[in-house]
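Notes follow once the structure below has been shown.
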Amino acid sequence: MQSFSYHKPGTVTDAASLLAARDNAALLAGGMTLLPTMKQRLAAPDDIIDLAAIRELSGITMEGEDLVIGAMTRHADVAGSDLVKEVLPALAGLASRIGDQQVRHRGTIGGSISNNDPAADYPAAILALNATIVTSQRAIAADDFFVGLFETALRPGEIVTAIRFPRAKRAAYAKFPNPASRYAIAGVFVAQTGGAVRVAVTGAAPFVFRATDVEAALSANYAVEALERLSIDTQDLMSDIHADREYRGHLVMVMARRAVAESLKRSG
Ligand SMILES: Cc1cc2nc3c(=O)[nH]c(=O)nc-3n(C[C@H](O)[C@H](O)[C@H](O)COP(=O)(O)OP(=O)(O)OC[C@H]3O[C@@H](n4cnc5c(N)ncnc54)[C@H](O)[C@@H]3O)c2cc1C
(Lines give C-alpha, C1' and ligand atoms only; values in the text may rest on other atoms or scores of the structure.)
Protein backbone atom coordinates (compact mmCIF):
# COMPACT_ATOMS: atom_id res chain seq x y z
CA MET A 1 0.00 0.00 0.00
CA GLN A 2 1.22 3.49 -0.81
CA SER A 3 1.04 6.02 1.98
CA PHE A 4 0.71 9.74 1.35
CA SER A 5 -0.53 12.86 3.11
CA TYR A 6 -3.78 14.31 1.84
CA HIS A 7 -4.42 18.08 1.75
CA LYS A 8 -7.55 19.94 0.75
CA PRO A 9 -6.78 23.69 0.51
CA GLY A 10 -9.56 26.25 0.01
CA THR A 11 -7.67 28.75 -2.16
CA VAL A 12 -5.20 28.73 -5.05
CA THR A 13 -2.73 30.64 -2.87
CA ASP A 14 -2.86 27.92 -0.19
CA ALA A 15 -2.54 25.16 -2.80
CA ALA A 16 0.49 26.89 -4.33
CA SER A 17 2.11 27.28 -0.88
CA LEU A 18 1.57 23.60 -0.09
CA LEU A 19 3.02 22.64 -3.47
CA ALA A 20 6.04 24.91 -3.06
CA ALA A 21 6.86 23.48 0.37
CA ARG A 22 6.91 19.83 -0.74
CA ASP A 23 9.35 17.94 -2.96
CA ASN A 24 7.13 15.13 -4.21
CA ALA A 25 3.55 16.41 -4.25
CA ALA A 26 0.82 15.94 -6.88
CA LEU A 27 -2.25 18.03 -7.56
CA LEU A 28 -5.49 16.05 -7.68
CA ALA A 29 -8.24 17.31 -10.00
CA GLY A 30 -10.67 14.64 -11.27
CA GLY A 31 -8.22 11.83 -10.53
CA MET A 32 -9.05 10.12 -13.83
CA THR A 33 -5.38 9.90 -14.76
CA LEU A 34 -3.57 10.45 -11.47
CA LEU A 35 -5.29 7.63 -9.57
CA PRO A 36 -4.78 4.92 -12.25
CA THR A 37 -1.11 5.91 -12.56
CA MET A 38 -0.73 5.63 -8.77
CA LYS A 39 -2.42 2.21 -8.82
CA GLN A 40 0.03 1.11 -11.51
CA ARG A 41 2.93 2.48 -9.43
CA LEU A 42 3.85 4.89 -12.22
CA ALA A 43 3.37 7.76 -9.77
CA ALA A 44 4.02 7.68 -6.03
CA PRO A 45 3.51 11.16 -4.57
CA ASP A 46 4.19 11.71 -0.86
CA ASP A 47 1.55 14.45 -0.74
CA ILE A 48 -1.72 14.83 -2.63
CA ILE A 49 -3.15 18.33 -2.89
CA ASP A 50 -6.82 18.04 -3.79
CA LEU A 51 -8.15 21.06 -5.70
CA ALA A 52 -11.81 20.10 -5.20
CA ALA A 53 -12.59 22.66 -2.47
CA ILE A 54 -11.21 25.67 -4.36
CA ARG A 55 -14.39 27.35 -5.59
CA GLU A 56 -12.56 29.97 -7.66
CA LEU A 57 -11.29 27.18 -9.96
CA SER A 58 -14.73 26.09 -11.16
CA GLY A 59 -17.22 27.79 -13.42
CA ILE A 60 -17.80 29.21 -16.88
CA THR A 61 -18.10 32.96 -17.46
CA MET A 62 -17.70 35.63 -20.14
CA GLU A 63 -14.94 38.18 -19.57
CA GLY A 64 -15.33 40.77 -22.29
CA GLU A 65 -15.44 38.79 -25.54
CA ASP A 66 -13.64 35.76 -24.04
CA LEU A 67 -15.19 32.58 -22.72
CA VAL A 68 -13.36 31.70 -19.49
CA ILE A 69 -13.52 28.17 -18.11
CA GLY A 70 -12.12 27.40 -14.64
CA ALA A 71 -9.54 24.61 -14.44
CA MET A 72 -11.70 22.40 -12.18
CA THR A 73 -14.73 22.57 -14.46
CA ARG A 74 -15.81 19.03 -15.32
CA HIS A 75 -16.19 17.88 -18.93
CA ALA A 76 -19.93 17.24 -18.33
CA ASP A 77 -20.39 20.86 -17.19
CA VAL A 78 -18.70 22.20 -20.34
CA ALA A 79 -20.80 19.85 -22.50
CA GLY A 80 -24.03 20.91 -20.79
CA SER A 81 -23.37 24.65 -20.44
CA ASP A 82 -25.85 26.89 -22.28
CA LEU A 83 -23.17 29.59 -22.40
CA VAL A 84 -20.60 27.31 -24.08
CA LYS A 85 -23.27 26.02 -26.48
CA GLU A 86 -24.07 29.60 -27.44
CA VAL A 87 -20.55 31.04 -27.67
CA LEU A 88 -18.46 28.02 -28.77
CA PRO A 89 -20.78 25.10 -29.60
CA ALA A 90 -17.86 23.17 -31.07
CA LEU A 91 -16.24 23.10 -27.61
CA ALA A 92 -19.43 21.84 -25.94
CA GLY A 93 -19.64 19.14 -28.62
CA LEU A 94 -16.01 18.13 -28.04
CA ALA A 95 -16.56 17.84 -24.26
CA SER A 96 -19.68 15.70 -24.78
CA ARG A 97 -17.58 13.10 -26.64
CA ILE A 98 -14.78 12.71 -24.08
CA GLY A 99 -14.60 9.18 -22.62
CA ASP A 100 -17.80 7.94 -21.01
CA GLN A 101 -20.29 9.45 -18.57
CA GLN A 102 -18.23 8.56 -15.50
CA VAL A 103 -15.09 10.15 -16.98
CA ARG A 104 -17.00 13.27 -18.06
CA HIS A 105 -18.43 13.74 -14.56
CA ARG A 106 -15.02 13.49 -12.85
CA GLY A 107 -12.45 14.69 -15.40
CA THR A 108 -11.60 18.39 -15.56
CA ILE A 109 -10.34 20.67 -18.30
CA GLY A 110 -7.35 21.74 -16.17
CA GLY A 111 -6.39 18.13 -15.44
CA SER A 112 -6.73 17.20 -19.08
CA ILE A 113 -4.43 19.89 -20.42
CA SER A 114 -1.90 19.59 -17.58
CA ASN A 115 -1.63 15.89 -18.30
CA ASN A 116 -1.35 16.56 -22.08
CA ASP A 117 -2.11 13.04 -23.23
CA PRO A 118 -1.26 12.92 -26.98
CA ALA A 119 -4.78 11.61 -27.70
CA ALA A 120 -6.73 14.00 -25.46
CA ASP A 121 -9.41 16.19 -27.05
CA TYR A 122 -9.12 19.59 -25.31
CA PRO A 123 -5.53 20.32 -26.44
CA ALA A 124 -6.75 20.36 -30.08
CA ALA A 125 -9.45 22.93 -29.25
CA ILE A 126 -7.08 25.08 -27.21
CA LEU A 127 -4.45 25.14 -29.96
CA ALA A 128 -6.90 25.73 -32.83
CA LEU A 129 -8.86 28.41 -30.99
CA ASN A 130 -5.63 30.11 -29.91
CA ALA A 131 -6.75 30.06 -26.28
CA THR A 132 -4.71 31.32 -23.35
CA ILE A 133 -3.87 29.16 -20.34
CA VAL A 134 -4.02 31.15 -17.11
CA THR A 135 -1.96 29.81 -14.21
CA SER A 136 -1.19 30.76 -10.63
CA GLN A 137 1.87 32.59 -12.02
CA ARG A 138 1.20 33.87 -15.55
CA ALA A 139 -0.73 33.58 -18.82
CA ILE A 140 0.62 31.15 -21.45
CA ALA A 141 -0.30 31.21 -25.14
CA ALA A 142 -1.58 27.90 -26.53
CA ASP A 143 1.30 27.74 -29.03
CA ASP A 144 3.78 27.75 -26.11
CA PHE A 145 1.91 25.46 -23.72
CA PHE A 146 1.95 21.96 -25.28
CA VAL A 147 5.62 21.08 -25.37
CA GLY A 148 5.74 17.32 -26.07
CA LEU A 149 4.51 13.89 -25.02
CA PHE A 150 2.76 14.40 -21.64
CA GLU A 151 4.85 17.56 -21.32
CA THR A 152 3.69 21.17 -20.94
CA ALA A 153 5.27 24.53 -20.26
CA LEU A 154 4.07 24.37 -16.63
CA ARG A 155 6.87 24.97 -14.15
CA PRO A 156 7.16 23.01 -10.90
CA GLY A 157 4.63 24.48 -8.48
CA GLU A 158 2.51 26.14 -11.17
CA ILE A 159 -1.26 25.55 -11.11
CA VAL A 160 -3.59 26.00 -14.10
CA THR A 161 -6.45 28.20 -12.91
CA ALA A 162 -8.47 28.84 -16.10
CA ILE A 163 -8.52 28.71 -19.88
CA ARG A 164 -9.53 31.80 -21.82
CA PHE A 165 -11.09 31.17 -25.24
CA PRO A 166 -11.61 33.89 -27.84
CA ARG A 167 -14.78 33.69 -29.91
CA ALA A 168 -14.52 32.02 -33.32
CA LYS A 169 -16.32 32.92 -36.51
CA ARG A 170 -16.52 29.22 -37.37
CA ALA A 171 -15.27 26.14 -35.52
CA ALA A 172 -15.83 22.40 -35.40
CA TYR A 173 -14.19 19.24 -34.09
CA ALA A 174 -14.25 15.83 -35.75
CA LYS A 175 -12.81 12.78 -34.06
CA PHE A 176 -12.30 9.15 -34.92
CA PRO A 177 -12.39 7.59 -31.44
CA ASN A 178 -10.84 4.44 -30.14
CA PRO A 179 -13.96 2.33 -29.58
CA ALA A 180 -12.81 1.21 -26.11
CA SER A 181 -11.44 4.36 -24.43
CA ARG A 182 -12.99 7.00 -26.72
CA TYR A 183 -9.61 8.74 -26.86
CA ALA A 184 -8.89 10.09 -30.36
CA ILE A 185 -7.10 7.87 -32.86
CA ALA A 186 -7.26 11.08 -34.90
CA GLY A 187 -9.09 14.26 -33.97
CA VAL A 188 -9.07 17.55 -35.88
CA PHE A 189 -10.27 20.91 -34.58
CA VAL A 190 -10.74 23.62 -37.22
CA ALA A 191 -11.28 27.26 -36.26
CA GLN A 192 -11.68 30.44 -38.27
CA THR A 193 -11.16 33.56 -36.22
CA GLY A 194 -11.38 36.78 -38.20
CA GLY A 195 -9.25 36.11 -41.30
CA ALA A 196 -7.04 33.45 -39.72
CA VAL A 197 -7.61 29.72 -39.89
CA ARG A 198 -6.03 27.39 -37.34
CA VAL A 199 -6.19 23.61 -37.50
CA ALA A 200 -4.97 21.36 -34.68
CA VAL A 201 -4.59 17.60 -34.72
CA THR A 202 -4.67 15.25 -31.73
CA GLY A 203 -4.28 11.49 -31.43
CA ALA A 204 -2.26 11.07 -34.60
CA ALA A 205 1.23 12.00 -33.36
CA PRO A 206 3.02 11.81 -29.99
CA PHE A 207 1.92 15.44 -29.41
CA VAL A 208 -0.88 17.76 -30.49
CA PHE A 209 0.21 19.82 -33.52
CA ARG A 210 -0.99 22.45 -35.97
CA ALA A 211 -1.52 21.19 -39.53
CA THR A 212 -0.03 24.18 -41.31
CA ASP A 213 -0.60 22.87 -44.86
CA VAL A 214 -4.29 22.42 -44.08
CA GLU A 215 -4.36 25.91 -42.54
CA ALA A 216 -2.83 27.41 -45.70
CA ALA A 217 -5.31 25.63 -47.99
CA LEU A 218 -8.27 26.77 -45.89
CA SER A 219 -6.95 30.32 -45.58
CA ALA A 220 -6.97 30.54 -49.38
CA ASN A 221 -10.39 28.90 -49.72
CA TYR A 222 -12.47 27.96 -46.67
CA ALA A 223 -14.26 25.01 -48.23
CA VAL A 224 -14.19 21.20 -48.07
CA GLU A 225 -13.05 21.15 -51.73
CA ALA A 226 -9.86 22.99 -50.75
CA LEU A 227 -8.74 19.81 -48.92
CA GLU A 228 -9.72 17.27 -51.53
CA ARG A 229 -6.29 16.74 -53.05
CA LEU A 230 -4.31 17.49 -49.92
CA SER A 231 -2.52 14.92 -47.76
CA ILE A 232 -0.39 15.38 -44.68
CA ASP A 233 3.19 14.29 -44.12
CA THR A 234 2.96 11.05 -42.12
CA GLN A 235 6.61 10.82 -41.11
CA ASP A 236 6.05 12.01 -37.52
CA LEU A 237 2.73 10.24 -36.97
CA MET A 238 2.30 7.30 -34.58
CA SER A 239 1.97 3.64 -35.46
CA ASP A 240 0.53 1.31 -32.84
CA ILE A 241 -1.85 -1.65 -32.52
CA HIS A 242 -4.81 0.64 -33.24
CA ALA A 243 -3.63 2.30 -36.45
CA ASP A 244 -0.41 2.70 -38.43
CA ARG A 245 0.91 6.10 -39.45
CA GLU A 246 -0.43 5.91 -43.03
CA TYR A 247 -3.94 5.14 -41.78
CA ARG A 248 -3.71 7.92 -39.18
CA GLY A 249 -2.63 10.33 -41.92
CA HIS A 250 -5.64 9.30 -43.99
CA LEU A 251 -7.93 9.73 -40.97
CA VAL A 252 -6.57 13.21 -40.27
CA MET A 253 -7.64 14.42 -43.72
CA VAL A 254 -11.05 12.74 -43.44
CA MET A 255 -11.58 14.37 -40.01
CA ALA A 256 -10.37 17.74 -41.36
CA ARG A 257 -12.92 17.63 -44.18
CA ARG A 258 -15.69 16.60 -41.78
CA ALA A 259 -14.79 19.41 -39.39
CA VAL A 260 -14.82 22.01 -42.17
CA ALA A 261 -18.18 20.76 -43.44
CA GLU A 262 -19.60 20.88 -39.90
CA SER A 263 -18.21 24.35 -39.24
CA LEU A 264 -19.87 25.70 -42.37
CA LYS A 265 -23.29 24.70 -40.98
CA ARG A 266 -23.04 27.08 -38.02
CA SER A 267 -20.81 29.63 -36.31
CA GLY A 268 -18.52 28.97 -33.28
C1 LIG B 1 -11.46 5.42 -19.33
C2 LIG B 1 -11.01 6.82 -19.68
C3 LIG B 1 -11.34 7.35 -20.92
C4 LIG B 1 -10.92 8.64 -21.27
N5 LIG B 1 -11.26 9.10 -22.50
C6 LIG B 1 -10.85 10.34 -22.86
C7 LIG B 1 -11.19 10.89 -24.13
O8 LIG B 1 -11.90 10.29 -24.94
N9 LIG B 1 -10.72 12.13 -24.42
C10 LIG B 1 -9.96 12.85 -23.53
O11 LIG B 1 -9.57 13.98 -23.85
N12 LIG B 1 -9.66 12.38 -22.33
C13 LIG B 1 -10.08 11.15 -21.96
N14 LIG B 1 -9.77 10.68 -20.71
C15 LIG B 1 -9.00 11.58 -19.79
C16 LIG B 1 -9.93 12.33 -18.82
O17 LIG B 1 -10.94 12.96 -19.53
C18 LIG B 1 -9.26 13.43 -17.97
O19 LIG B 1 -9.24 14.65 -18.65
C20 LIG B 1 -7.86 13.15 -17.61
O21 LIG B 1 -7.82 11.88 -17.04
C22 LIG B 1 -7.24 14.18 -16.64
O23 LIG B 1 -8.17 14.99 -15.96
P24 LIG B 1 -8.43 14.87 -14.40
O25 LIG B 1 -9.24 16.08 -14.05
O26 LIG B 1 -8.99 13.57 -14.03
O27 LIG B 1 -6.96 15.08 -13.78
P28 LIG B 1 -6.11 14.27 -12.68
O29 LIG B 1 -6.06 12.84 -13.04
O30 LIG B 1 -6.59 14.60 -11.32
O31 LIG B 1 -4.70 14.97 -12.94
C32 LIG B 1 -3.94 14.70 -14.10
C33 LIG B 1 -2.57 15.38 -13.98
O34 LIG B 1 -2.69 16.79 -14.10
C35 LIG B 1 -2.23 17.45 -12.91
N36 LIG B 1 -3.19 18.54 -12.66
C37 LIG B 1 -4.52 18.41 -12.47
N38 LIG B 1 -5.10 19.63 -12.36
C39 LIG B 1 -4.11 20.54 -12.49
C40 LIG B 1 -4.07 21.97 -12.47
N41 LIG B 1 -5.19 22.70 -12.31
N42 LIG B 1 -2.88 22.60 -12.65
C43 LIG B 1 -1.73 21.86 -12.82
N44 LIG B 1 -1.70 20.51 -12.84
C45 LIG B 1 -2.88 19.85 -12.67
C46 LIG B 1 -2.23 16.36 -11.83
O47 LIG B 1 -1.31 16.62 -10.80
C48 LIG B 1 -1.89 15.13 -12.64
O49 LIG B 1 -0.50 15.07 -12.86
C50 LIG B 1 -10.16 9.41 -20.34
C51 LIG B 1 -9.85 8.88 -19.08
C52 LIG B 1 -10.27 7.60 -18.74
C53 LIG B 1 -9.92 7.07 -17.37
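The values are calculated or read from the model by the stated rules, or taken from the named source; none is laboratory data. Because the structure is a prediction, the values reported are computed rather than measured. Please note: Cβ atoms are built from the backbone with ideal geometry, for glycine as well, and neighbour counts cover all protein chains shown. Please note that ligands, DNA and RNA were not included when accessible areas were found on the heavy atoms of the full protein model with its side chains. Shrake-Rupley method; radii C 1.70, N 1.55, O 1.52, S 1.80 Å.
Output the number of the condition that G157 fails; it satisfies all remaining conditions of (1) within 13 Å of the chain's Cα centre (by Cα); (2) open to solvent by 10 Å² or more (accessible area, probe 1.4 Å).
Unmet for G157, out of (1) within 13 Å of the chain's Cα centre (by Cα); (2) open to solvent by 10 Å² or more (accessible area, probe 1.4 Å): (1).
Among the numbered conditions (1) open to solvent by 30 Å² or more (accessible area, probe 1.4 Å); (2) out of contact with any Asp or Glu (no Cβ under 9 Å at 6 or more places or on another chain); (3) closer than 29 Å to L18 by Cα, tell me where F176 comes up short.
(3)
Quick check on G99: is it at positive phi and either part of a helix (DSSP H, G or I) or touching a Lys or Arg at 6+ places or on another chain (Cβ under 8 Å) (or both)?
So G99 fits the description; yes.
Give the range 215-251 a look and list any residue that's more than 20 Å from Y183 (Cβ to Cβ) and under 20 Å from the mean Cα position of the chain (by Cα), or say none.
Residue satisfying the conditions is E215 alone.
Just need a number here: residues in the range 5-37 that are part of a loop (DSSP other than H, G, I, E, B), farther than 13 Å from L51 by Cβ, open to solvent by less than 80 Å² (accessible area, probe 1.4 Å) and of a type in the set (A, V, I, L, M, F, W, C).
Residues meeting the conditions: 1.
Being more than 9 Å from the ligand (Cβ to nearest atom), in contact (Cβ under 8 Å) with a residue 60 or more places away in the chain and surrounded by 24 or more Cβ atoms within 10 Å (Cβ to Cβ): is that true of A71 here?
no
Give me a count of the residues in the range 104-124 that are near the ligand (Cβ under 7 Å from one of its atoms), outside any loop (DSSP other than H, G, I, E, B) and surrounded by 24 or more Cβ atoms within 10 Å (Cβ to Cβ).
Number satisfying all stated conditions: 5.
Out of A216, A204, report the one residue that is over 21 Å from G148 (Cα atoms) and surrounded by 13 or more Cβ atoms within 10 Å (Cβ to Cβ).
A216
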